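No lab work stands behind these numbers, since they all come straight from the coordinates. None of these values were measured; they are calculated from a predicted model. Using ideal geometry, Cβ is built from the backbone for each residue, glycine included, and neighbour counts are taken over all protein chains shown.
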Amino acid sequence: MTRTSCMILAFLCGSTMSILRAEQVVIVVENTSSLDGFYFTPLWVAAHDGSFDIWSRGQLASDFPGLESLAEAGDTAPIDAEFQASAAGLAGGQSATIAADTVPAPVFTPGESATFLLDVGDPQLNRFFSYGSMVIPSNDLFFANGVPNEHEIFDAAGHFVGPITIEIRGSDVIDAGTELNDIEGGAAFTTLGGTAVDEMNPLAAIEDLDPADSYLQSIIGAPLATGGTIGSIFAPDDVIARITVKVPSGPKLRVTIENTSPTGGFFLTPFWVAAHDGNFDVWSGGQLASDFPGLEMLAEEGNTGPLSERFAMSSSGSAGGVQATFAADASPPPVFSPGETQSFTLPVGDATLNRYFSYASMVIPSNDLFVATSVPTTYELFDGNGDFVGPVVIEIRGMDVVDAGTEVNDIEGGAAFSTLGGTASDEANPLADLYDLDPSAAYLNSIVGTTTASGDTITAVFGETMVIARITIDVVVDADFVRGDVDGSGVLQVTDGVRILQTLFAGGPDFPCERAADVNDSNVIDLADAVILLTYLFQGGFPPPAPFPGCGPDGTPDLLSCEVFAACP
């Protein structure tokens with residue numbers, strides 16, 4: 001570090017504070033087997049601190065809880081539960097299961113691919129990527145990384161180091177050693193049937209156990225659960241699957257959510273939102289909530305997790321649809337209080353595909369009231385050419401509040417976000433608009449006077465025509481800029497470096513153009529940006545990368561924003 005830099009940085013030398021915007025990565029999963037080759041089940045993935053071990057050569061599958069279910073049945077739930085309970089999961093690790101198109105089954109057929117947007121949380125912590133899937137048809141073959149820190153996606157400072165491409169070869173296919181290799185003995189994804197025979201052998205590559213490929217050869221001609229047969233096997237060097245991890249590209253949307261209820265009105269839980277191909281139904285009138293997995297948890301608890309999982313497993317999710325959950329202020333509870341407004345950024349990916357917008361949120365306090373898109377093509381974001389058709393403004397009125405029909409409407413009977421307590425009573429009524437069920441608003445009026453979990457008191461109900469929430473969607477248009485010109489003055493100077501330090505360490509104002517402050521183009525604004533800029537100005541160090549020294553667009557995709565830059569026309 002130069003003397004000039006240290007004079008300016010003073011007590012900041014050695015600090016690691018940063019502004020990160022790499023909280024999401026795109027994961028592309030491909031089955032690259034020959035067209036008559038093997039399938040694989042939905043892929044479990046995780047971003048974590050490098051401490052979660054899926055398997056290790058020479059040990060038993062029973063040493064790794066959840067692995068046997070993955071290897072024998074393609075079931076990712078047990079291994080995901082183990083991950084969530086592990087040190088990596090408890091530290092904030094993020095996981096998901098990526099499925100292919102659900103028709104005829106959510107497995108990856110030869111040539112099939114799926115794209116998924118994974119929230120990775122803190123990229124300085126969740127630096128490593130793991131995956132696992134069963135190879136089918138088989139008794140207990142799978143592939144997964146055997147070293148937890150093998151695939152680094154962020155460096156120690158939270159910089160994305162990709163794109164990362166993981167090629168999975170035949171030599172990477174592992175025998176779990178938990179079930180005898182007999183295609184007629186209860187093998188998964190074949191119609192041959194039979195009874196599986198348990199065994200307890202160490203984990204090993206199938207090529208080491210069966211160098212003559214006799215087991216794989218026995219699978220040729222096996223009838224599949226989806227019809228057809230296996231016509232070819234894989235060699236050790238054959239690439240049977242490919243996983244690519246990269247930063248989101250394509251348009252970004254600014255989604256602004258407002259709770260427009262008056263003071264004393266109702267609250268809204270974090271919003272689940274998605275941009276998709278128009279085929280995902282959150283709910284539909286006259287049907288039961290149980291017909292839409294994940295809806296009951298949203299309507300009764302405000303929990304978006306199960307709904308998010310259903311979207312990920314749907315054809316819309318598998319086709320590259322993107323989703324997110326937007327919470328209000330992080331100080332508990334993260335709900336939208338009356339009058340609260342917040343804006344969020346949603347990367348869209350392929351705008352010609354993800355043309356439509358959906359949302360869902362619970363109305364609280366209540367037993368099972370919610371608001372959500374009922375017709376998946378109601379809100380068009382992009383036309384068939386991928387051109388934005390907005391801004392899109394969605395006004396949610398009292399008449400749009402839906403009763404899930406899963407819990408008796410009794411504010412003293414276990415209603416969410418109320419301090420009254422009580423025990424909920426289940427019911428199984430069709431989904432319906434609240435005001436159709438209760439035109440006199442008797443249930444809503446019974447909530448007046450209720451003290452919420454946040455310490456507020458409900459004093460006002462909503463009428464049928466009252467706007468209780470508003471969602472405004474606009475496209476984020478990034479301006480041309482000059483990298484390093486943090487204040488947009490048209491000149492690189494010491495005040496630009498000072499501005500970075502003030503924002504990072506002294507509570508200074510937000511950057512008008514985040515990308516200009518990312519001096520080293522790392523997708524992170526941190527101390528290094530100030531040091532590099534000052535070194536360039538005073539010691540003849542390397543200049544910032546493009547766009548520099550003139551105005552221009554950012555040539556590398558990232559999640560930093562730059563909507564206004566005064567020095568560029």
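Projected onto the charge dipole of the chain (+1 at Lys/Arg Cβ, -1 at Asp/Glu Cβ, origin at the Cα centre), which of Gln124, Leu35, Ile468 gives the Cα projection farthest towards the positive end?
Sorting the options by dipole projection puts first Gln124.
Could you tell me which residue out of Ile394, Gln59, Thr269 lies farthest along the dipole of the chain toward its positive end? Charges go on the beta carbon: Lys and Arg +1, Asp and Glu -1, centred on the Cα centre.
Farthest towards the positive pole: Ile394.
Report, in whole Å, the centroid distance computed from the Cα atoms of the range 55-77 and the range 518-569.
46 Å
Please work out the FRET efficiency for the pair Ser374 and Thr226, using the Cβ-Cβ distance as r and a Förster radius of 45 Å; give the result to the nearest 0.05.
0.90
Based on Cβ point charges of +1 for Lys and Arg and -1 for Asp and Glu, what charge dipole magnitude is obtained for the range 419-569 about its Cα centre, in debye rounded to the nearest 20? Don't jump to the answer; show the numbers that get you there.
Numbers: 4 positive and 22 negative charges, 103 e Å.
That gives a dipole near 500 debye.
Could you give the nm distance between label points at Val239 and Asn445, where each point is 7 Å from its Cα heading toward the beta carbon?
Distance between the two pseudo-spin positions: 6.8 nm.
Suppose every K and R has +1 on its Cβ and every D and E has -1 on its Cβ; what is the size of the dipole of the range 260-476 about the Cα centre, in Debye to the nearest 20? Working shown, then result.
Values: 4 positive and 28 negative charges, 95 e Å.
The calculated dipole for the range 260-476 is roughly 460 debye.
For Thr263 and Val491, calculate 0.36 nm times their separation in residues minus their Cα-Cα distance, and state this gained length in nm to one decimal.
Answer, rounded to one decimal: 77.4 nm.
Dipole of the chain, Cα-centred, from +1 at each Lys and Arg C-beta and -1 at each Asp and Glu C-beta, to the nearest 20 debye? Spell out each step's value before the answer.
On the way: 16 positive and 76 negative charges, 382 e Å.
For this selection, approximately 1840 debye.
Find how much the distance from Asp474 to Gln539 grows on full extension, using 0.36 nm per residue of separation minus their present alpha carbon separation; answer in nm with one decimal.
Roughly 19.1 nm would be gained on extension.
Restricting things to alpha carbons, find the Rg to Rh ratio for the chain using the Kirkwood radius for Rh.
My calculation puts Rg/Rh at 1.01.
For the range 260-476, how big is Rg over Rh, using alpha carbon atoms and the Kirkwood form of Rh?
We get a ratio of 0.96 for the range 260-476.
Given Tyr379, Phe538, Trp283, which one lies farthest toward the positive end of the charge dipole of the chain, if we put +1 on the Cβ of every Lys and Arg and -1 on the Cβ of every Asp and Glu?
The Cα lying farthest towards the positive end belongs to Phe538.
Apply the Karplus parameterisation 6.51 cos²θ - 1.76 cosθ + 1.60, with θ equal to phi minus 60°, to every residue of the range 166-174 and state each ³J(HN,Hα) to the nearest whole Hz, in sequence, with x for glycine and proline.
Using θ = phi - 60°, the values come out as 10, 9, 9, 9, x, 5, 8, 6, 10 Hz.
Report the Stokes-Einstein translational diffusion coefficient (µm² s⁻¹, integer) for the range 166-252, Rh taken as the Kirkwood radius over Cα pairs, at 4 °C with viscosity 1.567 mPa s.
87 µm²/s
Note down the relative contact order for the chain as a percent, whole number, built from C-alpha pairs under 8 angstrom at least six residues apart.
14 percent
Contour minus end-to-end for Glu150 and Asp329, with contour as 0.36 nm per residue of separation and end-to-end as the Cα-Cα distance?
Length gained between Glu150 and Asp329: 60.9 nm.
For an R0 of 45 angstrom, estimate the FRET efficiency from the Cβ-Cβ distance between Val197 and Glu301 and round to the nearest 0.05.
0.55
Between Glu82 and Thr423, what is the FRET efficiency for a Förster distance of 41 Å, r being their Cβ-Cβ separation, to the nearest 0.05?
Values: r = 32 Å, r/R0 = 0.78.
For Glu82 and Thr423, the calculated efficiency is 0.80.
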